[in-house]
Amino acid sequence: MKWSIAPGDHKGTDPFGDNPGAPAPSVTTRGPGPFGDNMVAVNETEAGDGRGRIVILNGAPRSGKSSIAEVIQATFDGPWMNLGVDVFSRAVTPPRYRPGMGLRPGGERPDIEAHIRSLYAAFYDSVAAHSLHGLHVVVDVGHHDAYSVPLHVLRHAASRLAGLPVLLVGVHCPVETIMERRDAGHPDREGHYVTSTPGQPVPEAVVRWQREVHVPGIYDLEVDTSATTPEQCAALIRARLEGPPASAISRLLSAPG
């Protein structure tokens, strides 16, 4: 029996990699793994075949993504791993390269931008690997393409997840509610978020997030956390997971641009 890394078994080609048009790498298994465990083969193509589901929550900071992720982890069946930009930015990325993937819109740090595509590629390969090993994943991110030059990160991510059971959820929240949450603070993130001032009730950085984070707006489901609780949002996600197959990832890959 053989355990190996094989190209392109589930993701198709990776048009954004170092070798455009080459298959994106993926884990495949033939028989027992090197540690004696029977690992999930990637040549199965239907949801429910042993691969974990992936729920991507995309929205601006303080839109409520983390709260939804906590409910999913606490109430959904099976192990749901939370892989989010905050964790990778604060605990994985070296301090001099932070915020890493969490870099806000505006093109303020070209030095960090040089690493953004590689950081996201590694991040989403990790997400895919969890799914291939039968673990569900809830992803907490804020995608945008408002760097100093376009990086097409979301389409790049879609190319790495193609063929996997992915639900892409747009997490919306009005800027007024966003600012209330920012100004209220967060117990373990003091100074992490830009807040309002008497002369600038909505900082420009927050305006940019609101404008850019939902472009191009291709989703399987959209929720508004100003009108629904985290529990209600999670219930909507559960219902959508039980519905027809999701299509946002394939629509992203076929969209113009």
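The values are calculated or read from the model by the stated rules, or taken from the named source; none is laboratory data. The model shown is predicted, which means the values in this text are computed figures rather than measured ones. Heads up, the Cβs are rebuilt from the backbone with ideal geometry, glycines too, and the neighbour counts pull from every protein chain shown.
Structure values in brief
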read-out	value
Qualifying positions in the range 90-116 - of a type in the set (Ser, Thr, Tyr) and either without any contact (Cβ under 8 Å) to a residue 24 or more places away in the chain or in a helix (DSSP H, G or I) (or both)	TYR97
Subset of the range 117-163 [of a type in the set (Val, Ile, Thr) and assigned to a helix (DSSP H, G or I)]	VAL127, VAL153
Filter result for HIS143 (farther than 25 Å from GLY107 by Cα, surrounded by 15 or more Cβ atoms within 10 Å (Cβ to Cβ) and out of contact with any Ser or Thr (no Cβ under 8 Å at 6 or more places or on another chain))	no
Members of the range 164-187 found to be among the hydrophobic types (A, V, I, L, M, F, W, C) and part of a helix (DSSP H, G or I), listed by number	VAL175, ILE178, MET179, ALA184
Leading residue by the ranking (surrounded by the most Cβ atoms within 10 Å (Cβ to Cβ)) among those in the range 147-201 that are at pLDDT below 85 and in contact with a helix residue (DSSP H, G or I) (Cβ under 7 Å, 6 or more places away or on another chain)	TYR193
Whichever residue in the range 61-75 is touching a Cys at 6+ places or on another chain (Cβ under 7 Å) and in a loop (DSSP other than H, G, I, E, B) and, among such residues, is nearest to ARG238 (Cα to Cα)	GLY64
Selected residue [charged (D, E, K, R) and closer than 26 Å to HIS130 by Cβ] from ARG181, ARG240, ARG211	ARG240
Residues (of a type in the set (Ser, Thr, Tyr) and buried (at least 21 other Cβ atoms within 10 Å of the Cβ)) located in the range 90-138	TYR120, TYR124, SER131
Among residues of the range 49-67, those that are surrounded by 17 or more Cβ atoms within 10 Å (Cβ to Cβ) and under 21 Å from PRO245 (Cα atoms), counted	8
Residue within the range 76-89 that is outside any loop (DSSP other than H, G, I, E, B), surrounded by fewer than 16 Cβ atoms within 10 Å (Cβ to Cβ) and at pLDDT below 95 present	yes
Tally of residues being within 22 Å of ALA128 (Cβ to Cβ) and not charged (D, E, K, R) across the range 70-115	21
Test: residue in the range 214-237 that is without any contact (Cβ under 8 Å) to a residue 12 or more places away in the chain, more than 18 Å from the chain's Cα centre (by Cα) and outside any loop (DSSP other than H, G, I, E, B)	yes
